[in-house]
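Taking it in order: structure first as structure tokens, then the write-up.
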Amino acid sequence: MRNVLAALTAALVLGATAGSVPSDAANASQRGSCTRHLLFCEDFERLPLGGPATLNWGVDTRNGTLTVERARRGNQVLHVHTVDNGRAFLRVDDFAAPGNRFYGRMRLRVDAFPTAPDWAHFTLVEATGTGSSEVVRPIGGQYAPTVPGIFWGVGADGGPTGDWTNWRESAPVVEDTWQCFEWKLDRTDNRVAVWIDGVANPELTATTNEHGGNDVPFILPTVNTVKIGWQLYQGGTTPGEFDLWIDDIALSTTRLGC
Ligand SMILES: [Ca+2]
């Protein structure tokens with residue numbers, strides 16, 4: 001309802017002042033991706049530049065900052081900055097998906113991923129809730145010195161399956177490039193699935209009995225909180241600071257595509 005009201009308000013404002021709105025502002029309003037009713041949507045187009053000032057989501061940081069910035073062609077994005085093993089997340093509270101089944105989507109550019117310490121582990125999307133203590137991490141990854149390389153992997157922590165990141169060599173990270181990430185969480189078979197730039201990667205999947213943790217069932221929580229941003233868990237990182245830019249975040253009952 002919040003998004004519907006925001007869209008209605010924006011439409012009314014545009015309609016009332018169409019003759020006097022500068023073309024840049026009108027274009028910015030049309031360019032945003034939050035044009036229909038979704039469980040959650042943030043394209044950063046209607047936020048003031050600088051530190052976040054919105055009632056639609058919260059901020060969870062430690063040694064990190066979130067800043068709304070203007071990117072190319074006036075598009076507004078969220079700049080996530082952290083130092084060493086800090087964190088900076090946009091937090092969606094009071095989330096609820098019908099049947100506890102939902103899709104997520106975001107566009108993402110990461111300046112540089114960690115190459116130290118060995119097994120440096122990072123999370124970009126985390127979902128938590130009730131009924132299961134699993135902290136579900138559909139989008140995250142790890143530096144694997146044995147390959148070597150840095151790879152995406154579905155993971156979890158805090159629950160019976162333990163602390164695991166099922167990184168896959170089929171999903172190497174790409175630095176300094178805008179990519180589209182989609183994920184699905186489905187309570188039906190406790191499935192987590194991931195698409196990168198619209199292409200499914202079946203290896204980036206977890207289900208009740210197929211996951212990277214202890215040999216016990218993986219049970220998704222009834223999700224009420226989704227965090228999107230960056231956290232790295234070990235100190236003494238290379239590089240010493242991390243910068244990424246996120247845009248077009250959406251949580252939806254159906255897959256949105258890129
Ligand atoms: Ca935007």
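Just so you know, all these numbers are worked out from the coordinates, no wet-lab data involved. In this text the structure is predicted, and so the values were computed from the model without any measurement. Here the Cβ is made from the backbone with ideal geometry for all residues, glycine too, and neighbour counts use every protein chain on show.
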ask   = If you look at just the Cα atoms of the chain, how large are its Rg and its Dmax in Å?
value = 18.4, 64
task = Kindly write out, for the stretch 184-196 in residue order, the coupling ³J(HN,Hα) from the Karplus curve 6.51 cos²θ - 1.76 cosθ + 1.60 (θ = phi - 60°), rounded to whole Hz, with x marking Gly and Pro.
result = 10, 10, 9, 5, 3, 10, 6, 8, 10, 9, 9, 10, 10
ask   = Can you give the three extents of the C-alpha atoms in the stretch 168-233 along their principal axes, from longest to shortest, in whole Å?
value = 37, 26, 26
request  = May I ask for the Rg/Rh ratio of the stretch 128-215, computed from Cα atoms with Rh as the Kirkwood radius, given to two decimals?
outcome  = 0.97
key: Furthest towards positive pole of dipole, 88, 100, 55, structure part the chain, Cβ charges   = 55
key: the stretch 101-208: GluC sites (Glu not before Pro) falling in loop per DSSP and having at most 15 other Cβ within 10 Å   = 175
